[in-house]
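Engineer: Structure incoming, see below.
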Amino acid sequence: MSNFSGSTAATGERDQRDIDLHGDGDTLREECGVFGIYGHPDAAAITALGLHALQHRGQEAAGIVSFDGHRFHSERRLGLVGDTFSRGDVIARLPGDNAVGHVRYSTTGETILRNVQPLFAELNAGGFAIAHNGNLTNGLTLRRELVRQGAMMQSTTDTEVVLHLVAHSKRGRFIERYIEALRAIEGAYALVALTNKKLIGARDPLGIRPLVLGELDGCPILASETCALDIIGAKYVRDIEPGEVIVFDEKGTEIHKPFPPQPPRPCIFEYIYFARPDSIVGGRSVYEVRKGFGAQLARESHVDVDVVVPVPDSGVPAAVGYSQESGVPFELGIIRNHYVGRTFIQPTQSVRELGVRMKHAPNRAAIEGKRIILIDDSLVRGTTSKKIVRMMRDAGAKEVHFRLASPPIINPDYYGIDLPDRGGLLAATHTLEQMRDIIGADSLAFLSIDGMYRAVGEPGRDPANPKFSDHCFTGDYPTHLTDQTQVEQPQHQLSLLAEAS
Ligand code: AMP
């Protein structure tokens, strides 16, 4: 008999196969957040709050799996955390002292419900739930091999590969089987897993994706970011170390370090765009780092203007830093409408462009007749910058200069950040002058790579020992890209397999 009760209801969702729904050739990747708590009577409600704080990491689907000492319970739905988990009846269906949760954001605009995490399986050792932030770079390769051996995959996520690897392992103790699975995977992962006895956290050997340890009423918590601890008044204990596997059960805490030590390479994009500004990532305040990017930008490429205007919300901290460093007044020249989804989520370029207009409005009073510098955190396709420059001119700005608080993005990401392939990255296919022309700005400048490193307290980028995963800017991928070198099948089949988390 199964010891699992679950629901995967969804509103208006279509359980259809994930082919290339962009229509623009983008592969399917996701950004996610994870949370787990052990031994607390309000485990599910606390997990829901934690996921709410991590909502910026994934807005398309959310799920919680709890364990009540006898049975696992699961609620996984499309939509925002609050749509599902603010309801008392949903939380009541997740009894137990242990829970794990996940928020997910897929670039397709379509999400298959069976991909919504945490994933759950009945193994011969008992139930096993797993939630993953990151992306495996050998997920497809392992998947093909497992399917060849007879595995029947339920989802198209690479996370399911971990479940199957654990199931296939011949080792004795559960933790040994889990570690054997981790040794087989490559890429980026922050994982939280729940068995009928244990909560387990794991971070990839380079620490590409973040994972922190907290404590509430003596109970351990694992979360993608510290903002998920703050929302519930939990204490931040420490970051889970790169390559660390940490296990909580009724006997206490067990730490495993199954990988040979190597210099960590956390993803610099967490500081640029991904993490919430009030989080502490890798011991640094994300807000302060972003201000530092802005200040460095002012030192590198300032021009004489009347006001500094952020592209809200992502450009705000960098614009504060830019204004403080340059002495040019900071003005809210663009007002953001918070009741629309991210621009990125729109499936086609024309709808994406419409989305930018829905999202941002000019504040004439702050910009009319002025020479302005616009600051955004990053430039990807150029959709936002192009629209906003035009909007500023239409609202009467005399000069519009654009500054990006990160270097040009010229390479795709394979570790769980949603970026298009090379062809979709404006900076990969255009010169600076061509980009300035397309965007329509009077001048355009990006933060330098060394400047980005200086803003995080390094002397610059040491190519022999770079402190971060910065492949989007440098092409220096910190792991093997096994799947990329073995791609021979038709694109649509790849898309079916290429789901990440
Ligand atoms: P684009 O308009 O295509 O140039 O994209 C740049 C805008 O998207 C900036 O305002 C960024 O804040 C935002 N952005 C950058 N990276 C991502 C990402 N991975 N997912 C969603 N939005 C992003």
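The values are calculated or read from the model by the stated rules, or taken from the named source; none is laboratory data. Note that the structure is a prediction, hence the values are computed from the model and not measured. Methodologically, a virtual Cβ is constructed for each residue, glycine included, from the backbone with ideal geometry; neighbour enumeration extends over all protein chains shown.
Engineer: From the list V389, V380, which residue is out of contact with any Ser or Thr (no Cβ under 9 Å at 6 or more places or on another chain) and either free of Cβ contacts under 8 Å to residues at least 12 places away in the same chain or under 22 Å from T474 (Cβ atoms) (or both)? I'd like the intermediate steps shown before the answer.
Structural biologist: Details: V389 fails: either free of Cβ contacts under 8 Å to residues at least 12 places away in the same chain or under 22 Å from T474 (Cβ atoms) (or both).
Just a single option satisfies the conditions, and that option is V380.
Engineer: So, in the range 478-501, of the ones that are in contact with a strand residue (DSSP E or B) (Cβ under 8 Å, 6 or more places away or on another chain) and among the hydroxyl-bearing types (S, T, Y), which residue ends up modelled with the highest pLDDT?
Structural biologist: T479
Engineer: Can you find, within the range 292-337, the residue that is surrounded by the fewest Cβ atoms within 10 Å (Cβ to Cβ) among those that are more than 16 Å from the ligand (Cβ to nearest atom) and charged (D, E, K, R)?
Structural biologist: Only one residue tops the list, namely D304.
Engineer: Additional query: Scan the range 367-403 for residues that are more than 10 Å from the ligand (Cβ to nearest atom) and basic (K, R) and jot them down.
Structural biologist: Filtering the range 367-403 down to residues more than 10 Å from the ligand (Cβ to nearest atom) leaves 367-375, 389-403.
Those that are more than 10 Å from the ligand (Cβ to nearest atom) and basic (K, R): K370, R371, R390, R393, K398, R403.
Engineer: How about the range 92-118: which of its residues are modelled with pLDDT of 85 or more, surrounded by fewer than 21 Cβ atoms within 10 Å (Cβ to Cβ) and in a loop (DSSP other than H, G, I, E, B)?
Structural biologist: Within the range 92-118, R93, P95, G96, D97 qualify.
Engineer: Something else: Inside the range 217-233, can you point out the residues that are surrounded by fewer than 24 Cβ atoms within 10 Å (Cβ to Cβ), small (G, A, S) and either over 19 Å from E254 (Cβ atoms) or touching a Cys at 6+ places or on another chain (Cβ under 7 Å) (or both)?
Structural biologist: G233, the sole residue that qualifies.
Engineer: Which of the residues that make up the range 380-413 are hydroxyl-bearing (S, T, Y) and surrounded by 23 or more Cβ atoms within 10 Å (Cβ to Cβ)?
Structural biologist: In the first step, residues of the range 380-413 are kept if they are hydroxyl-bearing (S, T, Y); the result is 383-385, 406.
Across the range 380-413, the qualifying residues are T384, S385, S406.
Engineer: Can you find a residue in the range 336-349 that is modelled with pLDDT of 90 or more and farther than 28 Å from R454 by Cβ?
Structural biologist: Going residue by residue through the range 336-349, those that are modelled with pLDDT of 90 or more are 336.
With farther than 28 Å from R454 by Cβ added as a condition, the list becomes 336.
Scanning the range 336-349, I find at least one residue that is modelled with pLDDT of 90 or more and farther than 28 Å from R454 by Cβ, so the answer is yes.
Engineer: While we're looking at this one, here's another question. State whether one or more residues within the range 122-141 are under 21 Å from T482 (Cα atoms) and out of contact with any strand residue (DSSP E or B) (no Cβ under 8 Å at 6 or more places or on another chain). Write out each step before concluding.
Structural biologist: Within the range 122-141, the subset under 21 Å from T482 (Cα atoms) is 132-141.
Next, only the ones that are out of contact with any strand residue (DSSP E or B) (no Cβ under 8 Å at 6 or more places or on another chain) stay: 140-141.
Checking the range 122-141: at least one residue is under 21 Å from T482 (Cα atoms) and out of contact with any strand residue (DSSP E or B) (no Cβ under 8 Å at 6 or more places or on another chain).
Engineer: While we're looking at this one, here's another question. Output yes when any residue across the range 198-216 is touching a helix residue (DSSP H, G or I) at 6+ places or on another chain (Cβ under 9 Å), among the aliphatic types (A, V, I, L, M) and surrounded by fewer than 20 Cβ atoms within 10 Å (Cβ to Cβ), and no when none is.
Structural biologist: Looking through the range 198-216, at least one residue is touching a helix residue (DSSP H, G or I) at 6+ places or on another chain (Cβ under 9 Å), among the aliphatic types (A, V, I, L, M) and surrounded by fewer than 20 Cβ atoms within 10 Å (Cβ to Cβ).
Engineer: Something else about it: Looking only at the range 156-180, which residues are under 23 Å from the mean Cα position of the chain (by Cα) and either in a helix (DSSP H, G or I) or closer than 15 Å to A131 by Cβ (or both)? Write out each step before concluding.
Structural biologist: Our first condition is that a residue be under 23 Å from the mean Cα position of the chain (by Cα); within the range 156-180, this holds for 156-163.
Hits for the range 156-180 are T157, D158, T159, E160, V161, V162, L163.
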